[in-house]
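Chemist: Have a look at this one.
Throughout, read-outs are computed from the coordinates displayed, never taken from laboratory work. Keep in mind that this is a model prediction, so the values were computed, not measured. Counting neighbours? That spans all protein chains shown, and the Cβs are built from the backbone with ideal geometry, glycine included.
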Amino acid sequence: MKTFALAGNPNCGKTTLFNALTGATAHVGNWPGVTVDKREGVYKGGVENVNIVDLPGIYSLSPYTPEEVISRNFILDEKPEGIINIVDATNLERNLYLTTQLLEMDIPVIIALNMMDEVEKSGDKIDVKALEEALGVPVAEISALKKSGVKQLMDRAIAMPAERKGITVLKGALEKQLETACAFYAAEEVKSPLFHAVKLLENDELELEKKGAKETLEKASCGEDLEAVIADERYKYISANLASVKVKSVAKEKLTKSDKIDRVLTHRVWAIPVFLVVLFFVFHLTFSGNLLFLNGFTEEMGWMPSLVELGLATKENGANNFGVEILAVFYDGTVYSPGVILTNFLNLFLDHISDGIVTLMENGGAAEWATGLVGDGILGGIFAVLGFLPQILTLFLFFSIMEDTGYMARIAFVLDRIFRRFGLSGRAFMPMIMGFGCSIPATINTRTLADEKERTATVRVIPFFSCGAKLPILTAVAGGIVAAFGIGNADVITFCMYLLGICTAIVCVLLMRNTTLKGETPPFIMELPAYHLPGFKNLMLHLWDKTKHFVKKAFTIIFASTIIIWLFSHLSWRWSYLPDEQMNDSILASLGMFIQPVFTPLGFGSQLGKFGWVFAVAAITGLIAKENVIATFTTLALCIGAYAGEGTEEGVEELTGLINIITADTGISQGDFVAALIAFIAFNMTTIPCFAACATARAELPKGKFNRTVLFWLATSYIVGAIIYTVGAFIWPVAIWAVVIAAVATFVVLRNIGKFDIVKIFRRRKK
């Protein structure tokens with residue numbers, strides 16, 4: 001099977017073309033020994049199947065980044081039958097720089113001139129025949145997004161001769177130097193000697209490792225730095241040929257659509273407010289139980305009565321009318337957002353499945369322990385987690401749309417000037433915003449950060465951006481607070497917790513970049529793609545991948561965890577079965593009570609009495625997978641028999657009942673308990689992420705940094721939780737915390753400006 005490599009600049013449409021060629025045959029992994037995505041697939045549209053390898057997006061073949069090294073080594077070592085060089089037709093000058101380097105290899109090359117539809121829309125014209133003559137290789141017009149010209153491209157690629165001699169656009173003053181360098185590689189019998197010769201003249205570090213290379217370079221260059229000369233010659237060649245190849249429309253002095261949109265979206269003043277508005281609507285359409293706040297405007301006038309007020313019975317008041325239940329998915333005194341509607345629908349479906357299975361077991365004479373294990377343990381835990389899948393996918397869909405349209409790239413550009421004040425470049429924004437979806441791909445995305453210290457700081461704060469797995473914790477606990485105490489607003493609490501995570505990340509970045517990870521902020525250079533409609537297929541592939549990952553986790557890690565939690569909560573140390581009312585004598589309860597005092601400074605320790613161990617156990621199981629927190633609450637609360645309060649999300653009713661039981665048992669004040677619950681959220685948001693995310697962080701971080709990172713997560717979560725509980729429950733210690741924070745801030749500032757060095761102080765004392 002022939003192999004073709006896709007090579008091109010970032011944002012040239014390379015991945016879109018890869019998806020169009022391979023479709024369902026594509027698979028993703030890592031390059032051997034390197035944590036950079038490797039995409040492979042099979043093209044089946046021709047007479048013979050062709051293996052397609054999607055190389056990382058690069059601007060050149062110089063070994064400055066891991067992506068450039070990978071692309072270069074694959075082409076030279078694996079020797080594909082051909083290179084498909086994707087070129088953005090709307091930005092020829094930049095894209096053709098890489099082309100001039102690929103032409104120097106002894107490998108067949110075909111140019112895929114992408115986004116030709118955009119060129120035509122702008123009124124410009126490109127003489128493809130003239131471009132073919134100038135480059136000496138075939139050129140095919142395509143639109144990867146619309147899949148036009150793709151088959152013709154592959155037909156021409158497959159028909160290319162098996163061998164090709166490399167050519168260079170470097171002429172004139174560099175001919176003698178090239179002859180000397182080429183003679184050296186010819187003697188070494190190296191494949192693609194012209195390419196290696198040019199790289200040697202560019203003072204390429206990989207070429208200088210070869211024996212005799214340094215001597216050859218000194219002989220050829222005569223001490224002159226040729227790297228800038230070579231780059232200048234390439235651009236001269238490109239510019240000279242573009243004059244005859246690309247014809248601009250005489251009427252075109254007006255701005256493109258992307259330029260017009262960017263006048264607002266990248267404006268120095270309006271860019272940030274617009275982004276915040278966009279982000280607000282993303283979260284509002286995902287989580288809000290009051291779409292566009294319509295209920296607030298119509299409540300007093302009675303325009304939006306509840307279903308009970310309309311005389312329609314619901315399950316909550318003892319009726320079982322499926323038609324009314326369907327209506328309640330969309331409306332019950334308020335119009336729900338799309339994310340909540342999907343969540344309600346799935347939970348309705350899961351509730352009926354769970355009730356049906358439990359009823360069948362009871363009617364079949366199943367033992368009490370078996371019914372409890374299946375209904376309260378397995379189904380209760382798994383379904384509580386799965387119930388949040390629609391909202392997670394809705395949020396991820398919105399972020400995917402923003403990324404696919406090109407808007408996310410603009411946000412990174414806009415935020416660069418803000419991030420620099422905190423010691424990060426705008427490039428760090430992309431992995432951070434991805435953290436709202438999942439910490440694993442977000443951590444992997446930090447590969448784009450070239451500076452090691454910036455990358456380490458970004459990896460450490462990514463878990464503070466609440467991922468989809470933490471969403472059930474936020475909504476369930478927030479709903480429990482509102483339902484149990486009748487105070488606040490669940491949406492506001494959830495939003496504030498997201499804001500808390502962001503603020504914690506900012507403070508931690510400031511501390512790290514001024515102390516242990518101090519260093520210069522690297523420059524940020526980014527190509528802004530033209531705005532375009534997102535591809536439906538790409539969006540669906542992203543959602544399917546997310547769904548597959550979440551469901552797999554639910555039926556593996558969560559499944560096993562719920563069984564273990566239920567069993568150990570119903571077994572004594574003598575391995576005898578305990579009914580629900582004796583659960584405080586179980587193995588799990590004993591272990592929970594043992595570790596419960598550790599969380600006393602955070603408010604959910606000894607203060608919560610005999611049932612407080614549930615919170616301690618939930619916090620520990622959450623270290624394995626954040627979904628376990630709500631699965632634990634649901635399983636244990638169901639077993640305790642806590643059904644009280646109201647809630648719109650699965651898990652809220654169970655948690656509300658548990659809160660009511662603890663309040664009645666301990667007599668804890670409302671203010672103290674609310675502070676403890678908020679601290680519980682904060683701890684789970686900022687502590688160690690799931691084991692899978694930890695494994696990813698370990699692979700991405702420099703050697704020796706992971707253990708310190710784990711300690712950083714633990715310390716941060718404990719401190720943040722303690723501060724929240726202290727401030728919320730005891731007002732008087734606020735002054736103490738203020739003094740401590742002021743002392744730390746003063747130390748950081750003085751150390752940063754060189755006025756305070758504890759090492760020097762100790763040295764003076766020794767003297």
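Chemist: Can you give me the long-range amide H partners of residue 148? Hydrogens built in the peptide plane at 1.01 Å from N, cutoff under 5 Å, separation of 5 or more residues or another chain.
Modeler: The list, which skips near neighbours in sequence, is 143.
Chemist: Further question: At residue 257 and residue 106, where each label point lies 7 Å from the Cα along Cα→Cβ, what is the point-to-point distance in nanometres?
Modeler: The answer from the label model is 4.7 nm.
Chemist: Also, I was wondering about something else. To the nearest 0.05, what FRET efficiency results for residue 208 and residue 518 with a Förster distance of 35 Å applied to their C-beta separation?
Modeler: Details: r = 32 Å, r/R0 = 0.90.
Given R0 = 35 Å and the Cβ-Cβ separation, E is 0.65.
Chemist: Continuing with the same structure: At each listed q (0.17, 0.18, 0.19, 0.23 Å⁻¹), what is the log10 of I(q)/I(0) that the Debye formula gives for the stretch 388-494 modelled as equal alpha-carbon point scatterers?
Modeler: Taking Cα atoms of the stretch 388-494 as identical point scatterers yields -0.85, -0.91, -0.97, -1.18.
Chemist: For an R0 of 51 angstrom, estimate the FRET efficiency from the Cβ-Cβ distance between residue 79 and residue 577 and round to the nearest 0.05. Show your work: numbers first, answer last.
Modeler: Values: r = 66 Å, r/R0 = 1.30.
Efficiency for this residue pair is about 0.15.
Chemist: Also: Using the Karplus equation 6.51 cos²θ - 1.76 cosθ + 1.60 (θ = phi - 60°), what ³J(HN,Hα) coupling, rounded to whole Hz, does each residue of the stretch 337-349 give in order, writing x for Gly and Pro?
Modeler: 3J(HN,Hα) across the stretch 337-349, in whole Hz: 6, x, x, 5, 4, 4, 5, 4, 5, 5, 5, 4, 5.
Chemist: Kindly write out, for the stretch 189-204 in residue order, the coupling ³J(HN,Hα) from the Karplus curve 6.51 cos²θ - 1.76 cosθ + 1.60 (θ = phi - 60°), rounded to whole Hz, with x marking Gly and Pro.
Modeler: Taking θ as phi minus 60°, the curve returns 6, 8, 5, 6, x, 4, 4, 5, 5, 5, 5, 5, 5, 7, 6, 5 Hz for the stretch 189-204.
Chemist: Ordered by residue, what ³J(HN,Hα) values in Hz, to whole numbers, does the stretch 671-677 give under the Karplus form 6.51 cos²θ - 1.76 cosθ + 1.60, where θ = phi - 60° and Gly and Pro are x?
Modeler: Calculated HN-Hα couplings, in order: x, 5, 5, 4, 4, 5, 5 Hz.
Chemist: Same structure again: Which residues' amide hydrogens lie under 5 Å from the amide hydrogen of residue 202, considering only partners 5 or more residues apart or on another chain, with H built in the peptide plane?
Modeler: Under 5 Å from the amide H of residue 202: no residue qualifies.
Chemist: Subtracting the Cα-Cα distance from 0.36 nm times the residue separation, let me have the gained length for residue 218 to residue 421 in nm, one decimal.
Modeler: Working: separation 203, 0.36 × 203 = 73.08 nm, distance 4.35 nm.
Length gained between residue 218 and residue 421: 68.7 nm.
Chemist: Could you let me know the centre-to-centre spacing of the stretch 688-728 and the stretch 100-158, using Cα atoms, in angstrom?
Modeler: Answer, in whole Å: 48.
Chemist: Please give me the summed charge of the neighbours of residue 501: other residues whose Cβ is under 14 Å from its Cβ, Lys and Arg +1, Asp and Glu -1.
Modeler: Counting the neighbours of residue 501, the net charge comes to +3.
Chemist: Show me, bin by bin at 5 Å from 0, the whole-percent P(r) of the stretch 128-207 based on Cα pairs.
Modeler: Reading the bins upward from 0: 3, 12, 17, 17, 14, 12, 12, 9, 4, 0.
Chemist: Beta carbons within 10 angstrom, averaged per residue: use that to sort the peptides 282-289, 577-584, 674-681, 145-152, highest first. Intermediate values should be presented prior to the final figure.
Modeler: Working: 282-289: 20.4, 577-584: 14.5, 674-681: 24.0, 145-152: 16.0.
So the order, starting with the most tightly packed, is 674-681, 282-289, 145-152, 577-584.
Chemist: What is the order of 698, 421, fewest Cβ neighbours within 10 Å to most?
Modeler: In increasing order of surrounding Cβ atoms, one gets 421, 698.
Chemist: What length, rounded to one decimal in nm, is gained on full extension from residue 42 through to residue 179, with 0.36 nm per residue of separation minus their alpha-carbon distance?
Modeler: Going from the current span to full extension adds 45.3 nm.
Chemist: Can you give me the long-range amide H partners of residue 571? Hydrogens built in the peptide plane at 1.01 Å from N, cutoff under 5 Å, separation of 5 or more residues or another chain.
Modeler: 578, 587, 588
Chemist: By the scheme Lys and Arg +1, Asp and Glu -1, what is the net charge of all other residues having a beta-carbon under 11 Å from that of residue 580?
Modeler: It works out to a net charge of -3.
Chemist: In vacuum, with every alpha carbon of the stretch 47-90 counted as one equal point scatterer, what does the Debye formula give for log10 I(q)/I(0) at q = 0.31 Å⁻¹? Two decimals, please.
Modeler: -1.23
Chemist: Given q = 0.09, 0.12, 0.13, 0.16 Å⁻¹, what are the Debye log10 I(q)/I(0) values for the stretch 2-247, with equal point scatterers placed on the Cα positions and solvent ignored?
Modeler: Per q value, in the given order, log10 I(q)/I(0) is -0.39, -0.69, -0.81, -1.19.
Chemist: Between their Cα atoms, which of 165/191; 79/171; 14/38; 38/199; 121/257; 79/214 are more than 18 Å away from each other?
Modeler: Among 165/191; 79/171; 14/38; 38/199; 121/257; 79/214, the Cα-Cα distance tops 18 Å for 79/171; 38/199; 79/214.
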